[in-house]
Amino acid sequence: MVPASEPGTGVGERTDPLTAPVDGLDDALAAVDAFDRALVAGLLRPQPARVADLTELAHAVAGSPLAARVAEATEKAAAGAASEDHFTALAAARTALLGAAHDALAARLDEVSGRTRGGTTTAAPAERQTVNLLMAARTWLADLARTGWQGIDHELVGAAAPIVSAMLPDPALRRLATLLDGFAAELAASCPGAALERFPARRWGDLWARALLLTRPGAAEPTAAGTATGRLLPLGVDLHEHATAAQAQVHAVFEPADGTTPRLMRASVSVPKPDTVVATGVWQLLRPHLSLLAALGEGRAMDLTDMPLTEEGDLIWDEERARAGDPADAFAAARVALPTATAAPTAPLDRHPARLAEPVFLEGYDAVRDGDALTFRFPGHSLAVDTDRVPTAGPLTPEAVAASSACIGLLRWDDGEFRVQPLAVETTVRKKTVALQAGAWAGGTTDKTGVKAEKAATDAVTVLRERAGRLLRK
């Protein structure tokens, strides 16, 4: 997030667009909220107020190519006669509105950073012979929509379990299976719906719509659109944990071997996990599948040779096409390479304000605390800091962020405003500037606190493996 005309100066006065209103944003989100209210009550026999909510969604996309199909779906849903295809059309309309909101917010980020972005993706998904499983998932999601969040019970939610179990062995369906598994777990924890006073309507609407669109054949498959040969400079790792799964997503700048413009890229690894493995223990599950995590912890670049790459800037990691490179400081990369790096386009189903995660470099701020809230103050502007996203599986802490002088982070849009999620900071320890990475322990550590946490996690993982072995032998 360093202006191209002022390299190395940080955000400064270029952040004003982050606080300016975005035309049409509130209207788009209001239409999404209206549809989500209808999902809370259910679409089996919608009441007049919920029919009005469905109509608001249809009006919001009236000028788009979806208009006719959504109008038909709204009419059928209002009569309680919507089919799975009609629900899919409604999910597509909801997703399109959030996609438009994403694009408007991304344009603001580009305005602030001076970063250029690629065009839309064009790769068509391939058809696969998994129609029965996808149809089963679609039927379950349609039943949820008819019942509504107020009507969920353990029998309805539990119907997802055999679908998830059948999907998990197929790598092409694992993305959808993990989404369904986590979604069903959240719903099960809230059963019966009739007893709930409040509903996470936006979140459950997001999960429902995304899962329904992913049941379209081939929609969940990443498509390699090219290869990458050159040097990958890791900036930081974003760790996501769920009770049954974990994902590490490394954000990096890629310098092509042919000397063309640097590009922002990501490399991710996801694994299933027991709910008892948390914090540092998660690295032990992720580490064997992505050598980039070790390179990040050691402060090294990775040299890539013909690494498969999607149009969206995601590397389809192949260990045989990567090797550890020379030492590379993340903050040097952030100061020198990040300002000139171009961003990849966003895949259609990923166009959602919550998915915005733009790597930025910040300095020249004052960190100000107000209770638990932390803010980076620049001349004429403040930027909220989301320290809740800092993982406990590393040496980076909210206290270190508050004492920092420079930060590598992900700029996100949350709860109506832009916030920065710290990935790494520079701070002063004993009169020396040191860098603290959220993923510093990803590849292992000699840090005393990290070693202690690693040992505790190792013991837990060992016990679980022994128990699993005994069960398999029986």
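The alpha-carbon atoms of segment 55-106, seen along their principal axes, cover 38, 19, 16 angstrom, with the largest extent given first.
Under 5 Å from the amide H of GLY313 lies no amide H of any residue 5 or more positions distant or on a separate chain, with H modelled from the backbone and absent for Pro and chain starts.
Out of every Cα-Cα pair that segment 263-366 contains, those further apart than 18 angstrom amount to 61 percent. Here's how it looks for THR342: its modeled amide H is under 5 Å from those of ARG263, LEU264, which are all 5 or more places away or on a different chain. Cross-link reach is defined here as a Cα-Cα straight distance under 19 Å, omitting same-chain residues fewer than 8 places apart; for LYS273 the aspartates and glutamates meeting it are ASP170, ASP181, GLU186, ASP238, GLU241, GLU454, ASP459, GLU466.
Taking every alpha-carbon pair within the chain, the share separated by more than 44 Å comes to 15 percent. Counted by neighbouring Cβ atoms within 10 Å, the residues LEU383, LEU436 run from fewest to most as LEU436, LEU383. Between amide H atoms placed 1.01 Å from N, distances below 5 Å from ALA328 occur with ARG300, ALA301, all of them 5 or more places distant or on a separate chain. Peptides 331-338, 102-109, 151-158 ranked from most to least packed, by the mean per-residue count of other Cβ atoms within 10 Å: 331-338, 102-109, 151-158. Entry note, the chain: the mean residue ellipticity at 222 nm calculated from DSSP H runs of n ≥ 4, each adding -39500 (n - 2.57), is -12500 deg cm²/dmol after division by the residues and rounding to the nearest 500. Inter-part distance, segment 297-361 to segment 140-216, computed on C-alpha centroids, equals 32 Å.
Coordinate-derived values only; no laboratory data. These figures come from a predicted structure and were not determined experimentally. So basically every Cβ, Gly included, is an ideal-geometry build from the backbone, and we count neighbours across all protein chains shown.
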